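Single-structure report; data block below.
No value in this document is a laboratory result; all are computed from the given coordinates. In this text the structure is predicted, and so the values were computed from the model without any measurement. Because the Cβ atoms are built from the backbone with ideal geometry, glycine has one as well, and the counts that use them run over all protein chains shown.
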Amino acid sequence: MALERDRGRLNEAIALLNKYLEANQQDTDAWLELTDIYLSRQNYEKALFCYEEILSTQPNNYLVNIRYAEMLYSTANAGDNLDNLYLARKYFSHALTLIQCGGKTAPGLPRALLGLLQTCRSIDAQNKKEDEKNTLMIRTCKDRLREVYSKAATIKVEAMKIMN
C-alpha cells in the first residue's frame with residue numbers, strides 16, 4: 001500500500017487499502033493512510049467517512065475529535081455548508097470537554113479553542129439571525145485563549161529568568 005502511494009499510483013493504493021480494511025476494520029493506521037490519500041485528492045466526503053471510522057474506535061481521543069472538526073470546518077467553508085459548521089462546533093466543543101476532563105491542560109487546548117472560535121465566527125457570518133449561544137461561545141473562546149496565552153507568556157519569562 002505504502003509502496004503504491006510512494007510510486008504515485010494512488011488508485012492502486014486506495015484499492016489495496018479498501019481491500020485490507022474490509023478484513024481489518026479496526027486498523028486505525030490504515031484508515032489514517034486512506035484519509036490522507038483522499039485529502040490529497042481533495043475527496044473530502046470520503047476522507048470524512050474514513051475519519052468517522054477512526055472516531056468510532058477512539059471517541060474519547062481529543063486529537064481525533066479536533067482533526068475531524070477541522071475537516072468539517074474546511075469542507076463547510078469551501079461550500080458554505082452551515083450544517084457542517086454546526087457539526088464542527090459540536091466536535092470542537094466535545095474535544096474541549098475531553099481536554100478539560102483530564103484535569104491537566106492538554107497541548108491541544110489552544111488548537112481546539114481557536115478552531116471553535118473560527119467555526120463560531122463562520123456560523124455568525126452565514127447565519128441571518130442572532131444566535132445567543134454562538135455569541136457566548138465566541139466570547140468564552142476569546143477569554144480562554146487570552147488566559148491560556150497569558151499564562152504561557154508568564155511561564156516563558158520566568159523560565160528565561162532562571163536560565164540567567
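Restricting attention to the chain, the count of lysine pairs at 8 or more positions apart or across chains with alpha carbons under 18 Å apart stands at 7. With each label modelled as a point 7 angstrom along the Cα→C-beta vector, the residue 132-residue 56 pair spans 3.8 nm. Summing Cβ point charges (Lys, Arg +1; Asp, Glu -1) relative to the Cα centre of the stretch 1-57 gives a dipole of roughly 240 debye.
Which trypsin sites (Lys or Arg not before Pro) does the stretch 118-150 hold that lie in a coil by DSSP with at most 16 other beta carbons within 10 Å? List each step's numbers first, then the result.
Working: sites: 121, 128, 129, 133, 139, 142, 144, 146; in loops: 128, 129.
Passing sites in the stretch 118-150 are 128, 129.
If the Kirkwood radius is taken over C-alpha pairs of the chain, then at 37 °C and 0.692 mPa s the Stokes-Einstein diffusion coefficient equals 185 µm²/s.
Provide the FRET efficiency to the nearest 0.05 for the residue 28-residue 82 pair, computing r from the beta carbons and using R0 = 30 Å. For R0 = 30 Å, the calculated efficiency reads 0.50.
Rounded to the nearest 500 deg cm²/dmol, what is the calculated helix-only ellipticity per residue at 222 nm for the chain, with -39500 (n - 2.57) per DSSP H run of length n ≥ 4?
Taken over the chain, the calculation gives -27500 deg cm²/dmol.
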